[in-house]
Each structure stands twice: as C-alpha cells, then as structure tokens.
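**Student:** Here you go, one structure.
Read-outs throughout are calculated quantities, based only on the coordinates presented, and are distinct from any laboratory measurement. All of these numbers come straight from a predicted model, not from anything done at the bench. Cβ coordinates were reconstructed from backbone atoms using ideal geometry, including for glycine residues, and neighbour counts include every protein chain displayed.
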Amino acid sequence: MIFAPSPIPETEPPFDCPRCPRLVAFREELRAEHPGWWTAPVNAFGDPDAWLAVIGLAPGKHGANRTGRPVTGDYAGQLLFDTLGKCGLASGTYAATPEDDLQLHGAIVINAVKCLPPANKPTPEEIRTCRPFLEGQTAALPNARVFVALGQIAHQSAVKALGGRLPKARFGHLAEHRMPDGRILIDSYHCSRYNQNTGRLTRAMFEAVFERATALRQSPVLQDASLAGT
Ligand code: SF4
C-alpha cells in the first residue's frame, strides 16, 4: 500500500510519537502483527486551503490505522466521502484505500486522537494529550471557518481546541456552536457502522449537516465577530 503524505506536514506528530504509553504499546503490538499497515499517528487528508474541516474521533483498526488516511478503509468512509462528493467537496472515486483517486476540494479531515486506541476508546488523558496536535492543525488552516465534529468526543475536543467553553456548547446532532473567534462548529453523530445500522444516523441526517455547512459558508453571520460565543 502506498501511503498518502499529509497536506499540512508541519503539524503532524512524529511517526513514533511517544506521548501516550498505552497507545504506543498497542501500536508496537500491531506493527509486529501487521508490518504492512500504517499503524502510526494518522495524517490529515484533504485540502490545506479548506474552508471546512471535519474532525473525526480516532483511527479505526482496519480503517485509518491500516490505511494511514482518515476514515478510509472502514464502513464510515463510504458515507463521509459520498456526502462530501455530493456537496462538491470531493472528486474521484472513494475505493477505501489511499491509492484511490479521491481528492478533497475545500475540505480536510483531521482526527481528535491520532493513534488507534484499544476498543476504539481513548482515555480522557489520551484525548487531552493529543489535543495540542489538533490545536496545531486547526491553527494551520486559516481559511477553515466551519468545522464538523463526528461524535461527542470529537465535539468536546474540538470545542476546547477552538477556544470554546463546553458548558455553553452541548453536543447534539446538527447543533451549531459559535467559537470565540467566529468559527462555527456543527455536530454530527459519527458515521460509524453501528450508528448507520441502528438508524441513529441516516444518510439524510448526515447530508443535512454538510448542507448546513455549505449554507453557512455563504452566510454573512460567519463573518460577524460580534456574535462570537453566542
Ligand atoms: S494519540 Fe496523539 S499524543 Fe498520543 S501518541 Fe498518538 S499522536 Fe502522540
């Protein structure tokens, strides 16, 4: 498999980032088991001039952890990249591998936690420890004015990374939160297989999030700093 380089390489953690001992130990185990997999902090994917940034939770074992590209290789990617394509934010064909010809235009995908956590559950300390990388990436995207958080953990880390306050920004599907500098965060239920199979998240519900993001992009409210924090 040929792995894709990051569009914002200066913001990425080192390949052997040592900060989370539990995740490092898990990473070492998996590297021995699957030497052809990426199994390292997952790079951002997409357009460095993006106006829209999607923030995922953490790599899945057979998804981003294996392929090295966010939300690629597992069930969630199909809906995410179909939806981005429908909104004119992606071209090419998603084939669940970094070797496909998928490209994002005006959008980028980054993770709140960059290494695979056991049972897909990072600890609060691991989320906190990885946040400086999320902060660095959001800061390195000067044109990103709208953020979409996939799931509650990504929401919480995104609010903190963008300088917001959690008591004022409660998670809810399609909930919108204005950050202190005027950027807007929209929440979505995660596009995981579980959420799709149980009907918690339908295709229409997911598309509504990105349709709202697209509408906001055109809206003067996005430029009005006097509304920040409301
Ligand atoms: S999760 Fe983040 S901080 Fe922790 S080891 Fe991986 S890259 Fe480093």
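**Student:** Over 10 Å intervals from 0, what percent of Cα-Cα pairs in segment 130-204 sits in each interval?
**Tutor:** 20, 50, 25, 6
**Student:** Which helices, taking whole DSSP H runs in the chain, have alpha carbons extending 20 angstrom or more along the helix axis plus mean Kyte-Doolittle at least -1.0?
**Tutor:** Numbers: long enough: 124-139 (22 Å, -0.79); 203-218 (23 Å, -0.12).
The qualifying helices are 124-139, 203-218.
**Student:** Separate question: For the chain, what is the calculated [θ] at 222 nm in deg cm²/dmol (nearest 500), taking -39500 (n - 2.57) for each run of four or more DSSP H residues and dividing by its residue count? Intermediate values should be presented prior to the final figure.
**Tutor:** Values: 7 runs with 76 residues, N = 230.
The per-residue figure over the chain is -10000 deg cm²/dmol.
**Student:** Convert each backbone phi in segment 5-10 into a coupling constant with the Karplus relation 6.51 cos²θ - 1.76 cosθ + 1.60 (shift: θ = phi - 60°), then list the ³J(HN,Hα) values in order as whole Hz, x for Gly and Pro.
**Tutor:** Values per residue, Gly and Pro as x: x, 6, x, 10, x, 5 Hz.
**Student:** Any idea which of GLY36, ALA112, ALA64 is furthest toward the positive side of the dipole for the chain, if Lys and Arg beta-carbons carry +1 and Asp and Glu beta-carbons -1?
**Tutor:** Positive-most Cα among the choices belongs to ALA112.
**Student:** Which percent, to the nearest 5, of DSSP beta bridges fully inside the chain are antiparallel?
**Tutor:** Details: 7 of 21 bridges.
Expressed as a percentage, antiparallel bridges in the chain total about 35.
**Student:** Treating only the Cβ of Lys, Arg, Asp and Glu as charged (+1, +1, -1, -1), what charge dipole size does segment 32-154 show about its Cα centre? Round to the nearest 20 debye. Don't skip to the end; give the middle numbers.
**Tutor:** On the way: 9 positive and 11 negative charges, 64 e Å.
So the dipole magnitude of segment 32-154 works out to roughly 300 debye.
**Student:** Over what distance in Å are the Cα centres of segment 97-126 and segment 127-188 separated?
**Tutor:** Between the Cα centres of segment 97-126 and segment 127-188 lies a distance of 15 Å.
**Student:** A follow-up question, please. At 37 °C and a viscosity of 0.692 mPa s, what translational diffusion coefficient does Stokes-Einstein give for segment 9-224, taking Rh as the Kirkwood radius over Cα pairs? Give it in µm²/s as a whole number. Don't skip to the answer; put the middle values down first.
**Tutor:** Values: Rh = 17.2 Å.
Translational diffusion coefficient: 191 µm²/s.
**Student:** Just how large is the dipole of the chain about the Cα centre, in debye to the nearest 20, putting +1 at every Lys and Arg Cβ and -1 at every Asp and Glu Cβ? Write out the running numbers ahead of the final one.
**Tutor:** Values: 24 positive and 22 negative charges, 160 e Å.
With Lys and Arg at +1 and Asp and Glu at -1, about 760 debye.
**Student:** Normalised by the residues of the chain, what does the relative contact order come to in percent, with Cα pairs under 8 Å and at least six apart? Present the calculation step by step, with values, prior to reporting the outcome.
**Tutor:** Numbers: 463 pairs, mean separation 46.4, N = 230.
Averaging sequence separation for qualifying contacts and normalising by length gives 20 percent for the chain.
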